[in-house]
Amino acid sequence: MDGVGGTQRAWPRAAPSSAPPHPTPPLAAEGWGGGPAADKGAARPAGHRVGLGGSRSMADPRPAAGAAQDSHPGRAEVASAYQRFEPGAYLRNNYAPPRGDLSSPAGVGPWKLRCLAQTFATGEVSGHTLIDIGSGPTIYQLLSACAHFQDITMTDFLQVNRQELGLWLREEPGAFDWSVYSQHVCLIEGKGESWQEKERQLRARVKRVLPIDVHQPQPLGAGSPAPLPADALVSTFCLEAVSPDLASFQRALDHITTLLRPGGHLLLIGALEESWYLAGEARLAVVPLCEEEVREALVRSGYQVRDLRTYTMPAHLRTGVDDVKGIFFAWAQKKVGV
């Protein structure tokens, strides 16, 4: 439900949802403007719940190489449901008007982009390596981040989402058009940068697109090519969309925290009080969260909560593609010794 948290160009170009958007193997060993993209079948991709502003990670029905079979019945059902996920439908639902209209400062898209831009503008969230957890088919969540990190890893559980990312990274026909988002970020950052420069920088700094499974203790699998631990993590609309209950959400947060260095930063965006969303023929369950549950989960995973903001979804953006009531933005710093 990416449209809830982020905004996109009015009518993006999306590949037909009835078939995978790219005919070649899923981003295997292809370069993304400066680095190889590795799509290791051994690791589990994190399905990006394309709703609510970002991406969603989930459990694959098959275990990662060397991983124990996940016996949690709820996660197996989640994994099965995501096999029907349609990136094109997800993008249309959430990044075309009305949710994809960035013209009003009070809209959900500008709010989310503003939260990210303001946090990166502090200069505290910076370093060499960043991992985007459950990228889904979207890139907007990294438009402000790319100026502060040289090496960015994108991840997703679903092959169709990784393929969609590949279209944009390679500037291929049929890729979703994010230029309205890029223009908006350049406007609010106020650095005089053109949107073309912004997109070139992001493409150059995304070095790899990998599978992930946030329900595994090693979410990227053993021997991942991503440099670990990372200096920062970004995750948008992922964990709550792929967890059957609050306990699974907490464990998934614990798992991705192992990828982050002590003192590193996590920027987390997600849905509030949502129980389902649509992505084509798929109707996907979400664990409903309240603001206090998000805060408590971050503290339990060893974070200091630096900022936590919420946005109430206005009536005209409740379009019937989900039952989301609002979204949250959290900036958390991993405590040293955790």
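The values are calculated or read from the model by the stated rules, or taken from the named source; none is laboratory data. Just so we're clear, the structure is a prediction, and the values are computed from it rather than from any experiment. Cβ: placed from backbone, ideal geometry, glycine included. Neighbour counts: every protein chain shown. Heavy atoms of the whole protein, side chains included, go into the accessibility calculation; ligands, DNA and RNA do not. Shrake-Rupley method; radii C 1.70, N 1.55, O 1.52, S 1.80 Å.
The set of residues in the range 172-198 being farther than 21 Å from ARG92 by Cβ and either free of Cβ contacts under 8 Å to residues at least 60 places away in the same chain or in contact with a Cys (Cβ under 9 Å, 6 or more places away or on another chain) (or both) consists of CYS186, LEU187, GLY190, LYS191, GLY192, GLU193, SER194, TRP195, GLN196, GLU197, LYS198. Within the range 86-100, the residues that satisfy the criterion of being at pLDDT 90 or above, in a loop (DSSP other than H, G, I, E, B) and either within 16 Å of LEU220 (Cα to Cα) or open to solvent by less than 10 Å² (accessible area, probe 1.4 Å) (or both) are ARG99, GLY100.
Checking each residue in the range 46-85 for being touching a strand residue (DSSP E or B) at 6+ places or on another chain (Cβ under 6 Å), buried (at least 24 other Cβ atoms within 10 Å of the Cβ) and modelled with pLDDT of 85 or more picks out only PHE85.
Those residues that are in contact with a Ser or Thr (Cβ under 9 Å, 6 or more places away or on another chain) and surrounded by fewer than 24 Cβ atoms within 10 Å (Cβ to Cβ), I need them from the range 234-249; list them, please. Listed by number, the list holds a single entry, PHE249.
If the condition is being buried (at least 23 other Cβ atoms within 10 Å of the Cβ) and either under 18 Å from ALA315 (Cβ atoms) or among the polar types (S, T, N, Q) (or both), then the range 101-120 contributes VAL108, GLY109.
Matching residues to (1) more than 17 Å from the chain's Cα centre (by Cα); (2) among the hydrophobic types (A, V, I, L, M, F, W, C); (3) under 20 Å from VAL242 (Cα atoms):
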| residue | (1), (2), (3) |
| --- | --- |
| GLN118 | yes, no, no |
| LEU130 | no, yes, no |
| GLY136 | no, no, yes |
| ALA147 | yes, yes, no |
| GLN150 | yes, no, no |
| GLU164 | no, no, yes |
| TRP168 | no, yes, no |
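I'd like to check which strands (runs of 3 or more DSSP E) are fully inside the range 250-338 and have at least 3 residues that are surrounded by fewer than 20 Cβ atoms within 10 Å (Cβ to Cβ), touching a residue at least 24 places away in the same chain (Cβ under 8 Å) and over 19 Å from the mean Cα position of the chain (by Cα). Result: 260-272, 303-312.
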